[in-house]
Amino acid sequence: MDNQQQYMWRQRKKRNTRITIWILLVILLSAGGTFAYEGMKNSNPLNVAKNYISQTIGVKDMDVETGDRSLNSDNQFVQDYTITYTADGRETKQKINMVQQKEKRFGLFDQWNVQTAGSGKSDMELIVPVGSQVLIDGVAPEADSAKEDDTLSPGAVCYQLTGVDKENSKLQVNGLPFDSYEGTLEGNGSVIDIRDTLNVSENAKVQMEEIGKSMINELFTAVVENKEASSLGSQFDKVANKANLYKAIYDNLYEENELKVSSITFEGFEPVFGEIFYPGKNEESYIGIDMTLSYSCKYEPSEAESETEEDEVSEEETAESESESETGSKTDSDKEQKKEAKFSFRYQNGNCIVTSVEVPGVI
């Protein structure tokens, strides 16, 4: 082999060596990239959560709100996310809990998985008053989770919940006539009914008292002004006995179409509320409560009525009246009386409706 042939052989060898090295580098880089990709693809909890929604719901566009990161009972990190997306034309919020796995992938990379119902979660039913806003960890149950139950009062709603962390989930229930409720979903059995746990709120009590006071004043004003029962306002719209109520007060204040009082005042209102009640099976949906409203009623008799009273006073009564003249026996306080009115309320669709009223006369 001459020098030129040796030179050519050495050049080919160098070229083949470089090609081999490049091939090896490409293989190593590819393997390293695959290694890194496989190791890191589940190392970011946010990406895992978004991929989960994308694959299970079939949506790509979503907004993510990052929640708290905490430790569970197994000393694993749990990261909370609330993801908002639109599917089938409806905006939906879904809470996802990501759990950091104990073993690292390839011994190097953290791994996060979606916490499923099998990891400390369970299915359950939650019963709340109708019309309430229900939030579980800040997210409302899906509308289609409301279960039809023929055995349940129309005044309640039963939500069928799946994959609930009963031990750690926070429950909020809002809506009149109740105080806002905050608690957990812990309890024995798979059904939790919180209706008996709720208390009537001060706002609702004030609302009902003010409605009762307003209706008493409106009723007597209409009668004194000799208006018709049909003139009573919208608060009387659902009062079944409105016409009879008006007639009873009219008969109390008039005699032979003459008004027997010149003025009436009401004061010292004190309400007492009954227990919450719910409708029967075949009734419409509502939440009911009764109120007894005590008050003082004071009136001034009309001139004609005063003259009639004076004519009917006996000589003995006149003498007694004269003996008491120094203290003024015939004062306004002689006409003051304690009264009690009764009201039945229904809360429907956020509205407070009066369905029954009983108001006594003043004379």
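The values are calculated or read from the model by the stated rules, or taken from the named source; none is laboratory data. Just so it is clear, the model here is predicted, and its values are computed rather than measured. Neighbour counts are summed over all protein chains in view; Cβ atoms, including those assigned to glycine, are modelled from backbone coordinates with ideal geometry. Keep in mind that these areas ignore ligands, DNA and RNA; they rest on the heavy atoms of the full protein, side chains included. Shrake-Rupley method; radii C 1.70, N 1.55, O 1.52, S 1.80 Å.
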Is there a residue in the range 43-63 that is modelled with pLDDT of 85 or more, open to solvent by 70 Å² or more (accessible area, probe 1.4 Å) and part of a strand (DSSP E or B)?
yes
Please find, within the range 144-168, the residue that is surrounded by the most Cβ atoms within 10 Å (Cβ to Cβ) out of those that are closer than 18 Å to Gly350 by Cα and of a type in the set (A, V, I, L, M, F, W, C).
Val157
Please name all residue pairs, on different chains or six or more residues apart, with Cβ atoms under 9 Å, provided the first residue is in the range 245-267 and is within 18 Å of Glu358 (Cα to Cα) and touching a residue at least 40 places away in the same chain (Cβ under 8 Å) and the second residue is assigned to a strand (DSSP E or B) and among the aliphatic types (A, V, I, L, M).
Leu245/Val357; Leu253/Leu259; Leu253/Val261; Leu253/Ile264
For Ser230, are the conditions met, namely being surrounded by 19 or more Cβ atoms within 10 Å (Cβ to Cβ) and among the polar types (S, T, N, Q)?
no
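Of all residues being of a type in the set (A, V, I, L, M, F, W, C) and over 23 Å from Gly175 (Cβ atoms) in the range 205-227, which is most open to solvent (accessible area, probe 1.4 Å)? Just the residue, please.
Step by step, filter the range 205-227, then rank; the result is Val224.
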Look at Tyr246 and say whether it is hydroxyl-bearing (Ser, Thr, Tyr), buried (at least 17 other Cβ atoms within 10 Å of the Cβ) and within 20 Å of Gln337 (Cβ to Cβ).
no
Which members of the range 147-173 meet the condition of being among the charged types (D, E, K, R) and assigned to a loop (DSSP other than H, G, I, E, B)?
Glu148, Asp149, Asp150, Asp165, Lys166, Glu167
Please determine whether any residue of the range 169-185 is open to solvent by less than 20 Å² (accessible area, probe 1.4 Å), in contact with a Leu (Cβ under 6 Å, 6 or more places away or on another chain) and more than 23 Å from Gly67 (Cβ to Cβ).
yes
Pairing a residue in the range 42-55 that is touching a residue at least 24 places away in the same chain (Cβ under 8 Å) with any residue that is surrounded by fewer than 19 Cβ atoms within 10 Å (Cβ to Cβ) and assigned to a helix (DSSP H, G or I), where Cβ atoms lie under 9 Å and the two sit 6 or more apart in sequence or on different chains, gives Asn42/Asn51
Can you name the residue in the range 127-143 that is part of a loop (DSSP other than H, G, I, E, B), over 19 Å from Ile276 (Cα atoms) and of a type outside the set (Gly, Ala, Ser) and is also least open to solvent (accessible area, probe 1.4 Å) among such residues?
Pro141
